[in-house]
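Participant: Below are the structure tokens for one structure; questions will follow.
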Amino acid sequence: MRFRRGARLDPGQIRDIRGRSSGIGMGMPAIGTGGGIVGVIVVLLFMFLNNGGGSSSGFNIDPSVGENDDVAQECQTGEDANESQDCRIVAVVNSVQTYWDQAIPEYSEARTTLFTDQVSTGCGAASSAVGPFYCPPDQNVYVDLGFFGDLESRFGAEGGPFAEAYVLAHEYGHHVQNVLSARGDSIPMELQADCYAGVWAKNAVDTGFITELSDDDIRIALDAAAAVGDDRIQERTQGRVDPESWTHGSAEQRQRWFSNGFREGNPAACDTFGASEL
């Protein structure tokens with residue numbers, strides 16, 4: 001994956017609070033361990049998705065947490081994205097949101113918050129252990145970039161720039177669901193987010209930020225999708241597979257729905273709720 005050198009980045013879509021106090025321990029409810037892309041439900045996320053309708057009333061990011069301005073200063077062009085992970089994150093988020101803004105009339109921008117170790121969110125307090133996740137009440141994607149190292153060392157993925165892009169696009173798939181007021185069981189929701197990630201990948205070049213995607217990029221995304229399948233995670237963590245406890249779907253299911261989105265390039269291809277089988 002390479003970025004268009006002259007593409008103008010919008011670092012304002014990123015909130016960088018890495019290394020800053022998060023305000024955890026001030027009476028906010030804690031988000032359960034696990035979550036996001038990695039295969040364990042964050043209970044509060046689904047509670048708010050089902051009952052809160054994305055409203056942020058009463059749930060706010062701690063305003064006392066200052067933001068770093070390095071990303072805003074350093075990430076200006078696609079060339080910067082080719083040289084820096086931080087700027088690559090900005091460029092991917094810009095591309096993902098450009099696509100969905102064009103594809104869905106009612107789309108509204110969601111920021112990505114970069115944090116270290118722990119963070120206060122509209123869904124409660126969270127640690128890096130939950131992995132990347134989306135919080136509907138404050139409409140933020142939360143990422144500790146250390147997860148991308150974990151994706152390789154703990155989950156056995158090959159990793160790399162397009163594995164990171166897949167993870168971000170998956171979380172923005174949850175934002176799309178929130179915008180569209182999608183409701184459903186966790187596995188169809190997660191597989192639809194994987195499918196939406198594939199749809200973005202198919203249209204990524206047309207957003208103006210990415211020059212081309214190679215077959216190897218897509219292979220890396222599929223490898224990452226398989227690595228965070230419930231069956232793969234259970235095999236690694238408990239030595240056995242229990243389909244009854246799955247929350248995000250198997251490696252095969254996650255790959256298949258990403259591939260379906262990439263093949264069709266249309267959100268209409270991502271009806272996991274109406275599919276005869278997942």
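None of the figures in this text is laboratory data; all of them are computed from the coordinates on show. This structure is a prediction, so every number in the text was calculated from the model and none was measured. When we count neighbours, we look across all protein chains shown, and the Cβ atoms used for this are built from the backbone with ideal geometry, even at glycine.
Participant: Taking H as built 1.01 Å from N, whose amide H comes closer than 5 Å to the amide H of residue 248, not counting residues under 5 places away?
Facilitator: 230
Participant: Three principal axis extents, largest first, for the C-alpha atoms of region 217-278, in Å?
Facilitator: Principal-axis extents of the Cα atoms in region 217-278, largest first: 37, 29, 11 Å.
Participant: Hey, fewest Cβ within 10 Å first, where do 77, 121, 207 land in order?
Facilitator: Numbers: 77 17, 121 27, 207 20.
Going from sparsest to densest Cβ surroundings: 77, 207, 121.
Participant: Can you tell me which of 184-195, 97-108 comes out highest on packing, and rank the rest after it, using the mean Cβ neighbours within 10 Å? Don't skip to the end; give the middle numbers.
Facilitator: Values: 184-195: 22.4, 97-108: 15.4.
Top to bottom by mean Cβ count within 10 Å: 184-195, 97-108.
Participant: Order these by the 10 Å Cβ neighbour count, fewest first: 248, 170. Kindly include the intermediate steps, with their values, before the conclusion.
Facilitator: On the way: 248 25, 170 31.
With the fewest neighbours first, 248, 170 line up as 248, 170.
Participant: Right, another one. Alpha carbon centre of region 131-182 versus region 239-273: separation in Å?
Facilitator: 15
Participant: So, one more: Please report 179, 199, 130, 96 as a ranked list, fewest other C-beta atoms within 10 angstrom at the top and most at the bottom. Write out the running numbers ahead of the final one.
Facilitator: Numbers: 179 17, 199 28, 130 25, 96 31.
Result, fewest neighbours first: 179, 130, 199, 96.
Participant: Also, I was wondering about something else. Pull out the extension gain between residue 245 and residue 263, defined as 0.36 nm times the separation in residues minus the alpha carbon to alpha carbon distance; nm, one decimal.
Facilitator: Details: separation 18, 0.36 × 18 = 6.48 nm, distance 2.95 nm.
This chain segment gains 3.5 nm when fully extended.
Participant: Could you order peptides 139-147, 7-15 by the average number of other Cβ atoms within 10 Å of their residues, highest first? The partial results should precede the final answer.
Facilitator: Numbers: 139-147: 21.3, 7-15: 18.8.
Top of the packing list down: 139-147, 7-15.
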